[in-house]
Amino acid sequence: MLIREVTTDDWPAIWRIIEPIVGTGETYALDQEMDEDEARRFWMLGDEVRTVVAELDGKIAGTACT
């Protein structure tokens, strides 16, 4: 497994991972109604956000932002 900094090309894979998680409202203190554009701004474009992905066999298997 490779942990690396995110790139803009990673977003579609990240959204497939986090959309159902955010929608349940059980894991993150985020608006369950957050749309994809809002999520992308939060997850990838915040001034103080560092986002990484976990890559397994060339595919995004997980992500984290701090």
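Of the residues making up the range 47-64, those that are surrounded by 10 or more Cβ atoms within 10 Å (Cβ to Cβ) and either modelled with pLDDT of 85 or more or out of contact with any strand residue (DSSP E or B) (no Cβ under 7 Å at 6 or more places or on another chain) (or both) are ARG50, THR51, VAL52, VAL53, ALA54, GLU55, LEU56, ILE60, ALA61, GLY62, THR63, ALA64.
Cβ separations smaller than 7 Å between residues 6+ apart or across chains give the following pairs from the range 3-26 residues that are in contact (Cβ under 8 Å) with a residue 12 or more places away in the chain and under 14 Å from ALA61 (Cα atoms) to residues that are small (Gly, Ala, Ser) and outside any loop (DSSP other than H, G, I, E, B): ILE3/ALA54; TRP15/ALA39; ILE17/GLY62; ILE18/ALA39.
Just one of (1) at pLDDT 85 or above; (2) surrounded by 13 or more Cβ atoms within 10 Å (Cβ to Cβ); (3) closer than 15 Å to ARG16 by Cα fails for MET44. It is (1).
The values are calculated or read from the model by the stated rules, or taken from the named source; none is laboratory data. Everything quoted here is computed from the prediction, not taken from an experiment. Note that each Cβ is placed from the backbone with ideal geometry, even for glycine, and that neighbours are counted across all protein chains shown.
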